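Everything on this sheet refers to the single structure shown next.
The values are calculated or read from the model by the stated rules, or taken from the named source; none is laboratory data. Computed from a prediction, not measured in an experiment: that's the story for all the values here. Cβ: placed from backbone, ideal geometry, glycine included. Neighbour counts: every protein chain shown.
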Amino acid sequence: MKLTYCLSGHPTLPCNVLKFKSTTIMLDCGLDMTSTLNFLPLPLVQSPRLSNLPGWSLKDGNAFLDKTELIDLSTVDVILISNYHCMMALPYITEHTGFTGTVYATEPTVQIGRLLPSPLKDAVEVSTWRRCYTMQEVNSALSKIQLVGYSQKIELFGAVQVTPLSSGYALGSSNWIIQSHYEKVSYVSGSSLLTTHPQPMDQASLKNSDVLVLTGLTQIPTANPDGMVGEFCSNLALTVRNGGNVLVPCYPSGVIYDLLECLYQYIDSAGLSSVPLYFISPVANSSLEFSQIFAEWLCHNKQSKVYLPEPPFPHAELIQTNKLKHYPSIHGDFSNDFRQPCVVFTGHPSLRFGDVVHFMELWGKSSLNTIIFTEPDFSYLEALAPYQPLAMKCIYCPIDTRLNFIQVSKLLKEVQPLHVVCPEQYTQPPPAQSHRMDLMIDCQPPAMSYRRAEVLALPFKRRYEKIEIMPELADSLVPMEIKPGISLATVSAVLHTKDNKHLLQPPPRPAQPTSGKKRKRVSDDVPDCKVLKPLLSGSIPVEQFVQTLEKHGFSDIKVEDTAKGHIVLLQEAETLIQIEEDSTHIICDNDEMLRVRLRDLVLKFLQKF
Amino acid sequence: MPEIRVTPLGAGQDVGRSCILVSIAGKNVMLDCGMHMGFNDDRRFPDFSYITQNGRLTDFLDCVIISHFHLDHCGALPYFSEMVGYDGPIYMTHPTQAICPILLEDYRKIAVDKKGEANFFTSQMIKDCMKKVVAVHLHQTVQVDDELEIKAYYAGHVLGAAMFQIKVGSESVVYTGDYNMTPDRHLGAAWIDKCRPNLLITESTYATTIRDSKRCRERDFLKKVHETVERGGKVLIPVFALGRAQELCILLETFWERMNLKVPIYFSTGLTEKANHYYKLFIPWTNQKIRKTFVQRNMFEFKHIKAFDRAFADNPGPMVSGGIAALNHPPVVFATPGMLHAGQSLQIFRKWAGNEKNMVIMPGYCVQGTVGHKILSGQRKLEMEGRQVLEVKMQVEYMSFSAHADAKGIMQLVGQAEPESVLLVHGEAKKMEFLKQKIEQELRVSCYMPANGETVTLPTSPSIPVGISLGLLKREMAQGLLPEAKKPRLLHGTLIMKDSNFRLVSSEQALKELGLAEHQLRFTCRVHLHDTRKEQEMALRVYSHLKSVLKDHCVQHLPDGSVTVESILIQAAAPSEDPGTKVLLVSWTYQDEELGSFLTSLLKKGRQLTQPPPLPSPSWTEPGLHVSTVGALSEQTLQVPSLGTETMCHVPTQAAVSS
């Protein structure tokens, strides 16, 4: 039985549970953070204007952790993480549900996931936001993760094998294959076919799937990431040339590496090499450092740089030449070094907490300045709402490199899964563009969709299981060719099952009958009817059969024809053998010797199964 | 009989020129392709003509695996692939792929430029050779072809060193390369899971050594360096550019910092600085501590250790006190290569050897024939090129910093992997002998130590994977819930073999799939009894009797008067001629033969039937009851009803018998 339980309504921050061959596997545990937008920004200094705004709540946000009662999370055996955005609910599950299983993720996913901000951990000092995790809980959750590499085969209880594959979206991001010897489920979550910094997506290994679960598609299907990067650069240049500052609200890892790489190539040609780039985040240094040591997880170009040996990302050079400076916060060194006009990368992209709040207050009033949104996770209009009215320019260049619908249909054609399963959002055009029939998944047979808090039965039935035949047993088998190319052998063996692995051993030699004089009870002699005899097939040619009978000393044999066959009469032995196409019936007196002799002669003409 | 064959072309009862051929389930794999540092002639490379005399190597080898970047493991690779000719895949880890070509180029330069050797591989050949390399990640299962897969495990030893599992079906071999079972200052310890290979091929460099604690060795090392410097001597530490060098640099760097020493430490070549870059970029391959702290402080950025200019080597003793002056007088120098067989370390050694104040510390293993090996074995007069004799007056110290597992570590790894047998390579014959005994006695695992060119053949008995239909398996497993220890239950099925697809299904399914009809074989035996009672009454008695005897079986009395035991049918009939004789017709199929024939004998043995206690009817005890056979065939028709299926499959379908 294979069912998926859908615990998240957000298609890019999924949380599904798959039951497969008696294992319970959670696929990602994303946390929907869009409700952050319901809160007021957390400014550096209490701002009377902000705290008096109507319509925004200062109340707690326990809606985050509203996991349904659909399934007892303590029964989950393993959690598979596909990328660092999809693990924010991990501390909740590992620390509060009685979960005792293992979490699997790649090393970059864990290291960068550790750095990513979450209102749940970064806003702990603020009494108005509900504090969900303590730092200890986060660390404890991370310590339960077992690190894995791409194409590593991980056995679960001997029954199921899971394998992470490169998904091309972020450093260490993975798709997962969950398979047994006869069934294969692919879990595709947050994949990209664009060549940015991560290792390209491994598509070939997804082939021959019975079911492909597809989540984490692009949130901005109409925007082309390349075009957006171009727009980002030109708007940035325009603002800076006019003496304005550029604010880029972003996560401390991910697309920022690509943006910095673009600027590295762009600023010299645009004559902006003197404009300082500031990257302000408590984890700015770590993020930049970590990006340089995961060469094995990067695309080929970056990998080969390490062989020279040079750092894979050019931001190392930007730092060396003092063009890019990074600070843990706006306090301390930054205030001394701060020069305008400049470009500031800082978080959080929701504009509700982090140093970005300070820059909004500082730069919002001047029309010279520009804020450029690049992260696709939050609606920029809602993010800006509490800051209105704003004089600064707003540019929306969402860069989402995840699969769009054209790429999906290309991928599905390439991979050809038997069934596709996806969130219901992907089976219809987006609500705002209901006429765009191209903005949905189109495949044959139609994708099966699921929605939050729903349980879906997956459409395949298991028919076979792997079993090993011991060499001694294999040697004793006598194959016979039934049809050209097809051979059969009857197998009688002892089944051993251990750790979900099955093994067939040769049957034990019959024990020597004990020659003890002790009288046995009648019931001791009752044969074990569980010793199965083979089935028989074939038919008996009467003439040859009679010849054989004669050869074996039977005489006075009479053959009568019947409607369906023949009757062979052995008059002397008072025995009758009725032979038809598919049956033989031996009727005789209670003479075991005779019966066994006749049986063996009949069996000579039949095949055993 | 399937077998695994192993032939070392190098490193068989020897250190150097590692190259081991493995044949497993029809696949041929070459493990490492090294050079021998003790030879300068043909013997420095493995004899690849062993693989094939005339064909191309690509046709004979499925893949080549390089365990790490040391030249005694990869030094012959360009010769092998470009000059002998091999175009198949070469597998190694990312750091090995990064560093290997640099060491090869270094090796080539020394051989060609310094020694003027002709017919050596060229720079272009190194590049072409590296194009055939496929990089692997740790623990990644690499599918070489449909059947052959390889997997790398962390080996410590040097940056990027890996052990490899080579697997075909259920047969596997693990090759350790060089490994270290204790973490050091820059690398972690080797680790492998309980993968239970048929064969573990392990290095055995330190087969007889049990090393004391690392801390003691480190303290000794620092003390010796410090004392020599204090008394105005120079210290030469011959190392290979990558590996021990970084460990010792970290060690000296921290010591210098702690002691606030000002004397400079130098590194002999430009290569080394570059080498440190590799360590910085491959941080995930280093030990836990460095990985954790690298953001705050990258351990491979040294403050006290600087690049070295060759001219310094000529300067006399150090002037420790003078700050800048000291720069001109290097007291501690790391120089390559590590075995003093060529290059800068040998040059410096020749210049400093005459002064007894100086010291050379050999931190690693030296291969026979090298200057390093000679001075370590006590030789003090060395014959150099051109019949020149060099007298060694400087102190010679040996400190085992080689990151090889010692005897304890090797035993530990064998214990971790749980192989069926062990094969020793990369060690000296005498020491191997000792370890072989130890492994055979303590771990009860057979152990081999072939010499170069000698083949070890291990028979294997791989089990055969087939697909079993879930219905058949579940039926068996459900019955397995009631285990009967005395009588092992048999699973019966039919194996269908079509091409290479093997499936085990129930016999019924096999018949159905092949479009064959089942042939029913049925027996009906007449048991004659002298009895005057009516048939129905007789049947009832038979029923009660069987019910009491056959407690474990399903005995039923059907409405039509017949009795069934499981699927065996018993009917009572009266032959017309003799009212005093009754016939019991017992009918069963071939599949129920045992029980059927048992029942007839049970019914025949009237005496046994008569025995108390469970018999309800006294009439059975009458001595007049006996069994005989009657001549004439009955005219009756025996209807054999079809019975419920339950879990058993061998159920007779309806059969009509006219008699």
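Overview of results
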{"quantity": "Filtered residues of the stretch A:324-377 (kept if in a strand (DSSP E or B) and either buried (at least 20 other Cβ atoms within 10 Å of the Cβ) or aromatic (Phe, Trp, Tyr) (or both))", "calculated": "A:Leu324, A:His326, A:Tyr327, A:Val343, A:Val344, A:Phe345, A:Thr346, A:Thr370, A:Ile371, A:Ile372, A:Phe373"}
{"quantity": "Strands (runs of 3 or more DSSP E) wholly inside the stretch B:443-554 containing at least 3 residues that are closer than 30 Å to A:Leu594 by Cβ", "calculated": "B:520-530"}
{"quantity": "Top-ranked residue in the stretch A:293-308 [being outside any helix (DSSP H, G or I) and facing another protein chain (nearest Cβ under 10 Å); ranked as surrounded by the most Cβ atoms within 10 Å (Cβ to Cβ)]", "calculated": "A:Phe294"}
{"quantity": "Only listed residue being more than 10 Å from chain A (Cβ to nearest Cβ) and hydrophobic (A, V, I, L, M, F, W, C), chosen from B:Val563, B:Val586", "calculated": "B:Val563"}
{"quantity": "Test: residue in the stretch B:375-384 that is in contact with a strand residue (DSSP E or B) (Cβ under 6 Å, 6 or more places away or on another chain), over 30 Å from B:Gln165 (Cα atoms) and surrounded by 20 or more Cβ atoms within 10 Å (Cβ to Cβ)", "calculated": "yes"}
{"quantity": "Qualifying position, being surrounded by fewer than 19 Cβ atoms within 10 Å (Cβ to Cβ), within 14 Å of chain B (Cβ to nearest Cβ) and part of a helix (DSSP H, G or I), among A:Asn235, A:Asn285", "calculated": "A:Asn285"}
{"quantity": "A:Leu147 being modelled with pLDDT of 85 or more and assigned to a strand (DSSP E or B)", "calculated": "yes"}
{"quantity": "Elements of type strands (runs of 3 or more DSSP E) in the stretch B:213-310, at least 3 residues being modelled with pLDDT of 85 or more and in contact with a strand residue (DSSP E or B) (Cβ under 6 Å, 6 or more places away or on another chain)", "calculated": "B:235-238"}
{"quantity": "Within the stretch B:350-391, tally of residues that are part of a helix (DSSP H, G or I) and touching a helix residue (DSSP H, G or I) at 6+ places or on another chain (Cβ under 7 Å)", "calculated": "2"}
{"quantity": "Contacts under 8 angstrom Cβ, first residue in the stretch B:127-150 being farther than 20 Å from B:Tyr86 by Cβ, partner surrounded by 18 or more Cβ atoms within 10 Å (Cβ to Cβ) and among the basic types (Lys, Arg), 6 or more apart", "calculated": "B:His139/B:Lys151; B:Gln140/B:Lys151; B:Thr141/B:Lys151; B:Glu147/B:Lys27; B:Glu149/B:Lys167"}
{"quantity": "Test: residue in the stretch A:460-472 that is part of a helix (DSSP H, G or I), on the phi < 0 side of the Ramachandran plot and more than 7 Å from chain B (Cβ to nearest Cβ)", "calculated": "yes"}
{"quantity": "Selection count where residues are farther than 16 Å from A:Ile112 by Cβ, surrounded by 17 or more Cβ atoms within 10 Å (Cβ to Cβ) and away from chain B (no Cβ under 12 Å), scope the stretch A:145-158", "calculated": "1"}
{"quantity": "Members of the stretch B:20-41 found to be at positive phi and either surrounded by fewer than 24 Cβ atoms within 10 Å (Cβ to Cβ) or without any contact (Cβ under 8 Å) to a residue 60 or more places away in the chain (or both), listed by number", "calculated": "B:Ala25, B:Gly26"}
{"quantity": "Subset of the stretch A:597-609 [more than 7 Å from chain B (Cβ to nearest Cβ) and under 25 Å from A:Ala489 (Cβ atoms)]", "calculated": "A:Arg599, A:Asp600, A:Leu601, A:Leu603, A:Lys604, A:Phe605, A:Gln607, A:Lys608"}
{"quantity": "Every residue from the stretch A:481-498 that is in contact with a Leu (Cβ under 6 Å, 6 or more places away or on another chain) and at the interface with chain B (Cβ under 7 Å from one of its Cβ atoms)", "calculated": "A:Ile482, A:Ala489, A:Val491, A:Ser492, A:Ala493, A:Leu495"}
{"quantity": "Positions within the stretch B:399-425 being at pLDDT 95 or above and in a loop (DSSP other than H, G, I, E, B), in sequence order", "calculated": "B:Glu418, B:Pro419, B:Glu420"}
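Yes or no, residue by residue, for (1) facing chain A (nearest Cβ under 7 Å); (2) among the small types (Gly, Ala, Ser); (3) out of contact with any strand residue (DSSP E or B) (no Cβ under 6 Å at 6 or more places or on another chain):
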position: B:Leu516; (1), (2), (3): yes, no, no
position: B:Leu521; (1), (2), (3): yes, no, no
position: B:Val527; (1), (2), (3): yes, no, no
position: B:Lys534; (1), (2), (3): no, no, yes
position: B:Leu540; (1), (2), (3): no, no, yes
position: B:Tyr543; (1), (2), (3): no, no, no
position: B:Lys547; (1), (2), (3): no, no, no
position: B:Lys551; (1), (2), (3): yes, no, yes
position: B:Val555; (1), (2), (3): no, no, no
